[in-house]
Amino acid sequence: MTEREDISERPGRGQFWLAVGVAFLTLVLLGAGGLVTSNEAGDSVPDWPMSFGRWVIGSDQFVANVRFEYSHRVIAGAVGIATFILALWITLGEKRRWVKRLAWIAFAGVVAQAAIGGVRVLFPEYKAAVSVPHALIAQSFFALLVGLAVFSSRSWQTRKTAPKDAGKSSSPSLRFLTSATVASVLVQLVLGAGFRHRAFGIIPHIAGAVAVTILLVWTVSAVLRRYGSDAFLCRPALVALGLLITQVGLGVGAYMARLGSADDPLPMEPMITLTVAHLVVGALTLAAVVVLTLRSYRAISPRESAREATQERESVPRPVREGIIKVPYEESAIRNSQSAIRSPDRLRAYLDLTKPRITLLVVLTAAAGFCLGSGQAISYTGLLHMAVGITLLSSGIGTLNQYMERRLDALMLRTGSRPLPSGKLTAREALLFGIVLSVVATIYLAVFLNLLTAVLGTVTLAAYLFLYTPLKTRTTLSTVLGAFPGAMPPLIGWVAASGEIGLGAWVLFAILFLWQFPHFLAIAWMYRDDYARAGIRMLPVVEPEGRVTGQQILSYTLMLLPVSLLPAMIQLAGSVYFFGALMLGLGFLYFSVRMAFDRSKWRARRLLQASVLYLPALLALMVLNR
């Protein structure tokens with residue numbers, strides 16, 4: 001392909017809309033296939049390619065599971081005919097040979113898919129062997145049709161190769177990230193098909209979901225960070241992210257519905273609906289990622305991609321980008337200094353990546369949630385598993401957070417000695433360590449506790465790393481967004497013990513959510529000069545007078561006081577807790593009032609110390625007086 005297609009070689013708009021139509025019809029076919037599998041209707045019609053010896057069955061036969069299987073065959077036939085028409089149209093009206101080849105490959109794919117479907121019906125003994133390949137070819141065929149629609153679109157044909165910010169390069173390249181994401185989504189869809197067809201259990205599908213979430217959110221973050229003003233890339237990226245969030249919710253709902261109807265003789269309607277919706281949204285996610293991948297190859301020249309693969313550029317403040325402030329972080333210097341670092345120091349560096357003090361607090365709050373969610377009988381084996389899983393998860397989040405903020409950490413005095421800016425470890429080592437910890441944590445929580453706990457852990461990881469972390473340099477609202485994943489540990493602990501989210505879990509979530517604001521704002525006030533140097537938009541940086549900071553500290557502490565009494569009111573804790581929480585809350589309020597009117601670093605430090613003592617004392621009192 002040249003930098004820009006010649007005007008005379010552009011196909012008409014009819015080709016684009018036909019490709020879109022065939023892709024939509026294929027999406028309907030995927031949904032119909034999901035209905036066949038969910039209703040266990042695959043064996044309802046015993047012959048092929050005809051149905052009961054006829055091409056068109058009568059209304060008296062269009063009943064029960066036959067209607068699902070027969071409808072699936074009719075839609076498949078329509079897709080085959082439409083794909084042939086599309087390939088013929090492209091052959092006659094398209095001058096790009098590679099597009100013609102892709103069109104006929106798509107037609108070959110639909111023929112192969114039909115043949116595999118025939119084998120599935122005529123040779124039942126090969127049912128298990130062909131079910132997963134059948135799903136793989138179906139999703140690949142759908143992705144190919146989406147690609148043909150992209151290649152026929154006006155935006156593809158009029159797009160210049162290099163974007164406006166082509167001089168800005170990062171590592172890994174966007175081409176690599178998007179390609180890896182497409183592969184992960186496709187593999188995940190196949191794993192889902194294997195689980196539906198009982199080829200294997202749920203664990204591979206959960207592991208795949210974690211990998212897809214990390215890769216897709218990382219890719220979207222890279223797109224927004226590097227090409228935030230380019231709608232050509234940002235639109236499919238944001239659509240893919242929205243579909244991912246929807247997909248996770250549908251997946252949890254489908255699995256919970258499956259567990260709830262495990263003893264029923266027939267599949268229940270809620271389970272069928274959620275399962276089919278999960279399959280369709282998964283295909284749409286694949287389509288969005290395919291569009292993003294193809295557009296990244298179209299928008300980014302090979303020369304720029306090579307620069308991306310060899311250079312690093314993160315979203316850092318404008319003074320750093322423009323060279324006003326020099327960043328002391330140099331990856332090459334770190335690699336050259338590795339031989340001078342002793343093994344014990346490197347082990348300590350890996351430990352420091354996990355933010356052990358924060359991890360300890362997270363585990364303690366999760367343990368409180370576990371104990372309160374257990375009722376009267378606490379499973380100490382479950383508590384141990386929860387502690388191990390949460391330790392791994394929190395360590396993974398802390399490690400990946402330091403990887404993402406390594407350049408900002410190098411600009412601040414209080415973080416300049418961390419393992420990455422100090423050169424004790426390389427960014428690649430930290431990234432690999434963080435991904436391994438996160439994946440192992442999610443699988444551990446799913447295997448030894450329950451699926452909902454693993455899902456909540458994954459949501460916490462994604463929200464902290466891909467919402468809160470990148471927004472810290474863009475808006476003060478990042479503090480509010482960061483409070484959501486920060487309040488998750490006790491809720492996760494509760495779910496680990498009970499398997500469900502009860503009223504008490506939400507009360508614990510609310511307590512931790514409100515507590516974070518005076519705690520974090522005190523830290524932000526103490527280190528506002530550091531944050532300003534790194535371009536992190538905390539409230540004390542944006543509003544240096546501190547009046548609004550003091551007001552928010554006081555407001556959130558006042559809200560925390562009555563909320564902290566709710567456990568006694570819903571009989572989660574007793575009267576001893578009520579009076580203890582009241583005294584602790586009034587003491588915390590005293591330090592907040594002093595900080596609100598005397599905004600010195602000393603007062604901020606005292607408030608920080610009070611917050612660190614307040615939370616463990618409150619939770620311990622709640623557990624002891626439950």
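Some points to look at:
- Residue match in the range 78-98 (condition: more than 25 Å from Leu292 (Cα to Cα), modelled with pLDDT under 85 and either buried (at least 19 other Cβ atoms within 10 Å of the Cβ) or not hydrophobic (A, V, I, L, M, F, W, C) (or both)): yes
- In the range 286-309, of all residues being of a type in the set (S, T, N, Q) and under 18 Å from Leu224 (Cβ atoms), the one that is modelled with the lowest pLDDT corresponds to Ser296.
- Taken over the range 161-179, the criterion of being crowded, with 18+ Cβ neighbours inside 10 Å and at pLDDT 80 or above is satisfied by Leu174, Arg175, Leu177, Thr178.
- Condition check for Leu582 on (1) within 20 Å of Met569 (Cα to Cα); (2) touching a helix residue (DSSP H, G or I) at 6+ places or on another chain (Cβ under 7 Å); (3) of a type in the set (A, V, I, L, M, F, W, C): one failure, at (2).
- Only one of Leu400, Leu420, Leu392 that is more than 24 Å from Ile523 (Cβ to Cβ), in the same structural domain as Lys355 (by TED's automatic domain parsing) and crowded, with 22+ Cβ neighbours inside 10 Å: Leu392
- Hey, Ala207 modelled with pLDDT under 80, surrounded by fewer than 19 Cβ atoms within 10 Å (Cβ to Cβ) and over 25 Å from the mean Cα position of the chain (by Cα) or not: no
- In the range 379-410, the residue that is nearest to Ala496 (Cα to Cα) out of those that are more than 19 Å from the chain's Cα centre (by Cα) and part of a loop (DSSP other than H, G, I, E, B) is Ser379.
Table: residues versus (1) assigned to a helix (DSSP H, G or I); (2) in contact (Cβ under 8 Å) with a residue 60 or more places away in the chain; (3) under 24 Å from Thr359 (Cα atoms).
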{"residue": "Thr476", "(1), (2), (3)": "no, yes, no"}
{"residue": "Gly493", "(1), (2), (3)": "yes, yes, yes"}
{"residue": "Ile501", "(1), (2), (3)": "no, no, yes"}
{"residue": "Phe513", "(1), (2), (3)": "yes, no, yes"}
{"residue": "Ala524", "(1), (2), (3)": "yes, no, yes"}
{"residue": "Ala532", "(1), (2), (3)": "yes, no, no"}
{"residue": "Pro540", "(1), (2), (3)": "yes, no, no"}
{"residue": "Gln551", "(1), (2), (3)": "yes, no, no"}
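- Within the set Leu586, Leu572, the sole residue that is surrounded by fewer than 19 Cβ atoms within 10 Å (Cβ to Cβ), assigned by TED's automatic domain parsing to the domain that holds Leu624, touching a residue at least 24 places away in the same chain (Cβ under 8 Å) and of a type in the set (A, V, I, L, M, F, W, C) turns out to be Leu586.
- Meets criteria (over 26 Å from the mean Cα position of the chain (by Cα) and free of Cβ contacts under 8 Å to residues at least 40 places away in the same chain) for Leu413: no
- With respect to the conditions (1) in contact (Cβ under 8 Å) with a residue 40 or more places away in the chain; (2) surrounded by fewer than 19 Cβ atoms within 10 Å (Cβ to Cβ), Leu360 falls short on a single one, namely (1).
- Against the test of being within 23 Å of Leu572 (Cα to Cα) and more than 21 Å from the chain's Cα centre (by Cα), the options Ala487, Ala505, Ala496 yield a single qualifying residue, Ala505.
The values are calculated or read from the model by the stated rules, or taken from the named source; none is laboratory data. Not measured: the values here are computed from a predicted model. Every residue, glycine as well, gets a Cβ built from its backbone with ideal geometry; the counts of neighbours run over all protein chains shown.
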